[in-house]
Structures are given as C-alpha cells and as structure tokens.
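The values are calculated or read from the model by the stated rules, or taken from the named source; none is laboratory data. Model, not experiment: these values are computed from the prediction. We place every Cβ from the backbone using ideal geometry, glycine too, and count neighbours over all the protein chains shown.
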C-alpha cells in the first residue's frame, strides 16, 4: 500500500523500553529513512519476517536506513523485557527494538495486523505499508525508492528479494484455505464445547466427539483465564482437540516452574516423522511430545502438503498454560538471491 508524501505523518515511537539502542525519535532524526516493523515473538507469522528485517538492516543501514522492530505483544508474558530480550537474542536481532507492551504505538499507527511494517521517508511521512511475508520484494523496492528520494547519488545494492508482484499474487492466491488463529482465553475464546466458557473457574468439560473447524474442544477439568487456560486441579489429565486446515500448526504455551510435557497426536495417532514440527520429539514408547519451558509459539506440526487434519494435545500438569493455536502455510521459497557486498560507510554522509 503506497501513500503520497505529506498525507500521513508517522507517529512517534514512545516506547516503554528499548533494546540494542538508546531511545530513537523520528522527529529528531529527519533525513533518515525508517522501516518500522511491528512484531510479537509469540506470533509465528512475525517470526518468519525477522530474518528479512535483519537482512534489510544489514544491507541498507549504510544508506541511512534505520530498521526499528516494535514489539507489540498479544499476551502478558510478552510485556516482560527479559523475555523480549531473550527472544531478540535467540532470533539474532541486532537492530533497535522498541517495547510496546500495551500496544500504544501499534494503535497510533492504526494497525490491525501482526506482523506489519511501514516505510517512513526522510520527511517523517509514512509512504508504504505492508502486511504479508510475500511483500519483501516490494518492501526492498520501496526502501530503495525512499533512499533515492532522500538524496542518494551513488550506487545502491542490487535487489536481494526477488519476488515479483506477479509471484506475490500467486503465493497468496494458490496457497489454500487456512484455519484462523484460535485463542484460549475468555476474552476471545474459540472454545467449541456446548458447556461454553466459564471464566476464572474450574469446570469439567466433555469432549463432544464431533468437531467444527474454527473451534477447539476441551476434555477434563479446566480453568479458563483472561488469556490462557490450564488444568484446574493437580493430578488430573485433560486434552484439547482441533480440526484444522493448513500445513503448519503452532501452539502458544508456557510452563510455570518445571518443564511441562504435552503429548501430541495427529489424525488419531502419534505424529509421523515427516510431519514433525521443530518442537516435537519422540519418546521411547513411541508417543510424540513437546517439552514446554519458556513462553513462546511451539511448532508442533509441519505437514508435507496442505490438507485437513485432526490434532489432539494431552496435558498432565496444571503448570502448563495454553494460549492459542496458529495455522500457517509453508514459507514461500525461491524469493531470495545471494547478496552482494555492501559498503560499511554511508555514501550520503550525515543527513
């Protein structure tokens, strides 16, 4: 999405904390081009955009581009600076990160999506907005255009992201239907049991035996909080089941205290090796499990092909919190090329 100069002035980045940088001001740094990236370490779609943001930072920081990641979390654990710093370090993020725990900056940009990113020109105006991981070819072209507009006279790196607009359309059109994100907390619960959501109380839910896509179904005694649900009594077991369509499945979970073990089944059996997500392991008895520690999105399933499947998670500890299911297509392939060497000093000089 492109905007003319002077139409939308970029809101300031009034963050609670900053990582990798002192606080930055768009107003004080006129002359630079900014790439403002809204993300959340518990959102799998966000995680896919991090390498591309790091690559753009690497290639264009010498041309007075400043990449700023604005961490705008959906869940309370994402407000913890320690957790965000761990995630940033794990993901290899070296560019500045503004912590937007209450989503104030996100709201100021009128945003409705995570991830999303904006190219801000040297005057401080929003010129481009992007919302899809297939848009990085267009993003890089926008950055180059804004750098030129800011006064670059010398050479500029060759394009690294090679996805054309036609290929972008094909990626979006041919991917197939995806089950939407399903949240567990009572604020936006997608619980499908006929008993309904009983907030902040332990309630005995019963598996109905039939399942509608776009809902998940609990079995056992569960307590449903504002953002997450967990087994309501020590020493009990329970399960969460979902009928879904897609290729990859993530579950946002965390364990309070000791490591939690969640058994994962797909289509009525242990997950087969060719469908293992990166966080799945097989036990000696043949069961497939995920080991839950820190709060994050755990990749449980990576199917080889798009399709409909039935998944069940089995819980045996009340210390494991379940927040949401996310469903994704496989990441588009063939959109990149080998980068050329870029200069370490700006040909522009100070803006």
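A single member of 275, 281 is free of Cβ contacts under 8 Å to residues at least 12 places away in the same chain and in the same structural domain as residue 202 (by TED's automatic domain parsing), and it is 281.
Being buried (at least 18 other Cβ atoms within 10 Å of the Cβ), under 30 Å from residue 64 (Cα atoms) and either in contact with a helix residue (DSSP H, G or I) (Cβ under 9 Å, 6 or more places away or on another chain) or at pLDDT 95 or above (or both) is a property that holds for residue 168. Scanning the range 186-217 for residues that are under 25 Å from the mean Cα position of the chain (by Cα) and either without any contact (Cβ under 8 Å) to a residue 12 or more places away in the chain or closer than 21 Å to residue 261 by Cα (or both) yields 188, 216, 217. Just one of the listed residues (206, 177) is surrounded by fewer than 15 Cβ atoms within 10 Å (Cβ to Cβ) and at pLDDT below 95, namely 177. For the structure I just gave you, tell me whether residue 57 is free of Cβ contacts under 8 Å to residues at least 40 places away in the same chain, more than 20 Å from residue 109 (Cα to Cα) and in contact with a strand residue (DSSP E or B) (Cβ under 9 Å, 6 or more places away or on another chain). Against the criterion (free of Cβ contacts under 8 Å to residues at least 40 places away in the same chain, more than 20 Å from residue 109 (Cα to Cα) and in contact with a strand residue (DSSP E or B) (Cβ under 9 Å, 6 or more places away or on another chain)), residue 57 qualifies. Scanning the range 271-301 for residues that are in contact with a strand residue (DSSP E or B) (Cβ under 6 Å, 6 or more places away or on another chain), assigned to a strand (DSSP E or B) and surrounded by 18 or more Cβ atoms within 10 Å (Cβ to Cβ) yields 288, 289, 290, 292, 297, 298, 299, 300, 301.
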